[in-house]
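A.B. asks: This is the structure I have questions about; it appears just below.
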Amino acid sequence: MCALPFSALAQEQPTPNDGKNSLQLQEIVVTAQKFRENLQDVPLSLSAITAKDINAWGATSLEQLQYSIPNLSAFQYGPGVEFIQIGGISTDVGSPTVGQYVDEMSITAPTSLDIYTPDIRMLDMQRVEVLRGPQGALYGEGSMGGTIRYITASPSLTKYYGSAEIEGGAITDGGENYRADGVLSVPLIHDVLGLRLVAGYERDGGWIDNSVTGRSNINRTGISTFRAKLLYQPTGRLKLSLLVLHQKSNQENQNLGFNGQISSSVRTPNDHQYDLVNGVAKFNSGPVLVTESFGYLNSRMLEQFDLTGLFSPVLSALGLPPGFITQIAYPDSIGEHIINDELRFSSSARGAFHWVAGVFYQKTNVLNKTSTTTAPGSLPFALLSDHAFDASSEFSFYGQGSYQVTRHLDVQAGLRYYEDHEVQQSSSVNVGFHSNDYGNARFHALNPQFNLRYEFSTTSMVYLNAAKGFRSGGFNLTSAGGGVVEVPLTYAPDYLWTYRLGTKQEMLERRLAFDADVYYTNWQDVQSTAFAPGSAVEYFENGGRVSGWGTDLSLKARLMAGMTLSASYGWNNIAYRTKTADKNVGDPVDNAVHDSFSVSLDYRRPMTATLDGLLIVNYQHAGAAQITLRAYGAKIDLPAHNTVNARVGMGWENYEVSLFADNLFNDRHVILPGPYGILSANVELQPRVVGLNLQAHF
């Protein structure tokens, strides 16, 4: 277990023919523990998707990578609106259960709007690290299920590099997709200053038709991305970097329909834009590496929902004549600002004792404005409206140390103290009833982590760890009952402990790598839905206990020169062990996939002296899940599904052309059955896409 020096920062550039003749698997360097080390040396349950994997699979989003990562599932009904869970730790109540980072910046906000996050495109990523949780000691609030780290590619200080990619495809029973992106890395001052520029545009042609308006492919989407990264290294001890990321997406209507059809005269657009800045300074004094990271995120989202079907019975009960109101739209505007700063110290010398300690501060402001509109008639009051402002000031400090007791045995311990000061102001309307709420509270948590690692050899180890994870509390709308019923002002943080036994093995002269672990999770004081006595007024409380077992398996093997097999499997039986207002004993966690697995084959071989052929096939399976709403007498089944993706092509020198088919067998499964809440129809998987991809690297 050794930290790697700055020299390990040499940027690998993915090219079509990399590694085709190697019989050994490539070593992957990660920074999961806040210092650089080889993936197979990390005593954590960790997956790393490299730039080469992302490029080979043609992935543009986390959703396309999910089942290659054990026990991860994610889906979205539009850019920036994503449900993510890891290891069965999932809930529709409260703040996120998965932490997310871009480079050194946390983009996780402790608010109840947990599904709204920046849509990170897999454009020129160095790698994506998925740390299965909890990760409360090093990554803090929200990392109960785990942490996802998007590591962007850095500029080279010595070499010019560029790439261009063009892709076009056709959606079965839908429109045409296309995307184009380019990368340019320039050493502005040799060995001192470098700049990397990335730009891309994606166009999804859509596949849902509107039978009312007669328009086809109404969910077409455009996404534009620009990223710049500046790296300045005046000496061997000092390194400064600045990342600037701008992304804008426009979706005409969300991915909602019934078998590719929807009958609605209300538009459901989803427009999302964000700007992110992360400045990082690293100074290596010799024994101590000092890291300072400043982050800024400004995100703006405007979306609209069709609530006509949901409120039609209410209008009838109010005595309104048929046809007076046929459209009920619900526009929703969300603005989010995050500023955070982290100062970290860590040992940089290679020795028996390695440590890291730091302080973290984050300020988050979220403004949410919503209000229903009706047509052709209008009401003298709003059916639903809300004007809410949430502010959070987080502070934490943490430390973690590991000691090599013997040549084979390491022990590690970590601790994080967290405090969150939250303020909420809300003015809302529910079917004409006005309510005003104000909340001011502090939440705190203390989160330890313990770890043992025993190395049988440089290619074989076992580890045992226990860690606590948590997320912050929040506020209820106490005036929702009009003063007739009593609703508690706040709900407290919930927390969990996970105990994990794992192993990492490299065999057959490093041609095969195998990771496996089994874990048990005990989740206490789960933030749950409740109802005020004798009423239908809904609020949140800490009312449940969730526990269960799980396992994560992954394998990668170089079967022969040019042929690599990858496989993963995740399983969990996480379920409620106490009854709540919404769950019975034995009910699984909402949206948590019970089991998933994937198999991928990447085969490249010479066809002529200058021409290589390639074949990539990927099979993914996601098991069934469910959403349980006992208070409403509802159980929503999320069906199991299978997806096959394939790519065949050829490459020469630094060029590659390939024919691909995503969702080859045109699986039309439903991701989330609707209507569900404010979603007026099913969230559906994109049908089969067949297209052509062209790449050039120089």
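The values are calculated or read from the model by the stated rules, or taken from the named source; none is laboratory data. This structure is a prediction, so every number in the text was calculated from the model and none was measured. Because the Cβ atoms are built from the backbone with ideal geometry, glycine has one as well, and the counts that use them run over all protein chains shown. Calculation scope for accessible area: heavy atoms of the full protein, side chains included, ligands and nucleic acids excluded. Shrake-Rupley method; radii C 1.70, N 1.55, O 1.52, S 1.80 Å.
A.B. asks: Out of the strands (runs of 3 or more DSSP E) lying entirely within the stretch 616-698, which hold 2 or more residues that are under 20 Å from residue 177 (Cα atoms)?
C.D. replies: 641-652, 655-662, 682-684, 689-697
A.B. asks: Just a yes or no: is a residue in the stretch 558-567 more than 23 Å from the chain's Cα centre (by Cα), basic (Lys, Arg), part of a strand (DSSP E or B) and buried (at least 17 other Cβ atoms within 10 Å of the Cβ)?
C.D. replies: Checked against the condition, which is being more than 23 Å from the chain's Cα centre (by Cα), basic (Lys, Arg), part of a strand (DSSP E or B) and buried (at least 17 other Cβ atoms within 10 Å of the Cβ), the stretch 558-567 yields at least one hit.
A.B. asks: Filter the stretch 621-654 down to the residues that are without any contact (Cβ under 8 Å) to a residue 12 or more places away in the chain and open to solvent by 40 Å² or more (accessible area, probe 1.4 Å), then identify the one that is nearest to residue 69 (Cα to Cα).
C.D. replies: 635
A.B. asks: What number goes with the only condition from (1) at pLDDT 95 or above; (2) at positive phi; (3) buried (at least 20 other Cβ atoms within 10 Å of the Cβ) that residue 149 does not pass?
C.D. replies: (2)
A.B. asks: Can you pull out every residue in the stretch 384-403 that is open to solvent by 70 Å² or more (accessible area, probe 1.4 Å) and farther than 30 Å from residue 677 by Cα?
C.D. replies: 395, 397, 403
A.B. asks: Quick one: which of 236, 286, 257, 214 is surrounded by fewer than 18 Cβ atoms within 10 Å (Cβ to Cβ), within 30 Å of residue 384 (Cα to Cα) and of a type in the set (Gly, Ala, Ser)?
C.D. replies: Exactly one residue qualifies, and that residue is 214.
A.B. asks: Is it the case, given these coordinates, that residue 441 is farther than 18 Å from residue 32 by Cβ, touching a residue at least 60 places away in the same chain (Cβ under 8 Å) and either surrounded by fewer than 20 Cβ atoms within 10 Å (Cβ to Cβ) or in contact with a Lys or Arg (Cβ under 9 Å, 6 or more places away or on another chain) (or both)?
C.D. replies: The answer is no for residue 441.
A.B. asks: Which numbered condition in (1) of a type outside the set (Ser, Thr, Tyr); (2) surrounded by 16 or more Cβ atoms within 10 Å (Cβ to Cβ); (3) touching a residue at least 60 places away in the same chain (Cβ under 8 Å) is the only one that residue 455 fails?
C.D. replies: Only one criterion is unmet by residue 455, namely (3).
A.B. asks: Out of all the residues in the stretch 598-620, which are surrounded by fewer than 17 Cβ atoms within 10 Å (Cβ to Cβ) and either touching a helix residue (DSSP H, G or I) at 6+ places or on another chain (Cβ under 8 Å) or among the small types (Gly, Ala, Ser) (or both)?
C.D. replies: Answer for the stretch 598-620, where residues must be surrounded by fewer than 17 Cβ atoms within 10 Å (Cβ to Cβ) and either touching a helix residue (DSSP H, G or I) at 6+ places or on another chain (Cβ under 8 Å) or among the small types (Gly, Ala, Ser) (or both): 609, 613.
A.B. asks: Could you list all residues from the stretch 342-383 that are surrounded by fewer than 16 Cβ atoms within 10 Å (Cβ to Cβ), under 30 Å from residue 403 (Cβ atoms) and among the charged types (D, E, K, R)?
C.D. replies: 350
A.B. asks: Here's something else I'd like to know. Only one of 385, 402, 427 is under 28 Å from residue 477 (Cα atoms), in a strand (DSSP E or B), of a type in the set (Ser, Thr, Tyr) and in contact with a Lys or Arg (Cβ under 9 Å, 6 or more places away or on another chain); which?
C.D. replies: Only one candidate passes the filter, namely 385.
A.B. asks: Also: What single numbered condition from (1) among the β-branched types (Val, Ile, Thr); (2) out of contact with any Leu (no Cβ under 8 Å at 6 or more places or on another chain); (3) buried (at least 21 other Cβ atoms within 10 Å of the Cβ); (4) modelled with pLDDT of 95 or more fails to hold for residue 111?
C.D. replies: So the condition that residue 111 fails would be (4).
A.B. asks: Follow-up. Given the criterion at pLDDT 90 or above and surrounded by fewer than 24 Cβ atoms within 10 Å (Cβ to Cβ), identify the matching residue among 135, 126.
C.D. replies: Of 135, 126, the one residue that is at pLDDT 90 or above and surrounded by fewer than 24 Cβ atoms within 10 Å (Cβ to Cβ) is 126.
A.B. asks: Assuming residue 121 fulfils every condition listed in (1) in contact with a Ser or Thr (Cβ under 8 Å, 6 or more places away or on another chain); (2) open to solvent by less than 20 Å² (accessible area, probe 1.4 Å) apart from one, which condition is it?
C.D. replies: The number of the failed condition is (2).
A.B. asks: Do we have residue 120 as in contact (Cβ under 8 Å) with a residue 60 or more places away in the chain and either under 21 Å from residue 57 (Cβ atoms) or touching a Leu at 6+ places or on another chain (Cβ under 7 Å) (or both) here?
C.D. replies: no
A.B. asks: Right, something else. Picking from 309, 335, which residue would you name as being open to solvent by 60 Å² or more (accessible area, probe 1.4 Å) and under 30 Å from residue 257 (Cα atoms)?
C.D. replies: 309
A.B. asks: Search the stretch 465-509 for residues being modelled with pLDDT of 90 or more and in contact with a Leu (Cβ under 6 Å, 6 or more places away or on another chain), and hand back the single one that is surrounded by the most Cβ atoms within 10 Å (Cβ to Cβ).
C.D. replies: Top of the filtered list is 469.
Residue-wise test of (1) at pLDDT below 95; (2) open to solvent by less than 50 Å² (accessible area, probe 1.4 Å); (3) closer than 20 Å to residue 329 by Cβ.
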{"residue": "205", "(1), (2), (3)": "no, yes, no"}
{"residue": "227", "(1), (2), (3)": "no, yes, no"}
{"residue": "231", "(1), (2), (3)": "no, yes, no"}
{"residue": "246", "(1), (2), (3)": "no, no, no"}
{"residue": "300", "(1), (2), (3)": "yes, no, yes"}
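A.B. asks: Right, something else. Within the stretch 438-446, is there a residue that is in contact with a helix residue (DSSP H, G or I) (Cβ under 6 Å, 6 or more places away or on another chain) and part of a strand (DSSP E or B)?
C.D. replies: no
A.B. asks: Across the stretch 263-283, what is the number of residues that are within 21 Å of the chain's Cα centre (by Cα), open to solvent by 40 Å² or more (accessible area, probe 1.4 Å) and more than 22 Å from residue 215 (Cα to Cα)?
C.D. replies: 3
A.B. asks: If you don't mind, there's one more thing I want to ask. Which condition breaks for residue 236 when tested against (1) out of contact with any His (no Cβ under 7 Å at 6 or more places or on another chain); (2) over 24 Å from residue 670 (Cβ atoms); (3) part of a strand (DSSP E or B)?
C.D. replies: All conditions are met except number (3).
A.B. asks: Quick one: residue 11 ticks every box in (1) modelled with pLDDT of 80 or more; (2) closer than 14 Å to residue 124 by Cα; (3) assigned to a loop (DSSP other than H, G, I, E, B) except a single one, so which number is it?
C.D. replies: So residue 11 meets the others, but not (1).
A.B. asks: Here's a follow-up. Which residue is farthest from residue 168 (Cα to Cα), if the candidates are limited to the stretch 632-666 and must be touching a strand residue (DSSP E or B) at 6+ places or on another chain (Cβ under 6 Å) and modelled with pLDDT under 90?
C.D. replies: Taking the candidates together, the pick is 635.
Listed here are the residues, each with its yes/no results for (1) under 30 Å from residue 475 (Cα atoms); (2) more than 26 Å from the chain's Cα centre (by Cα).
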position: 488; (1), (2): yes, yes
position: 517; (1), (2): no, no
position: 528; (1), (2): yes, no
position: 595; (1), (2): no, no
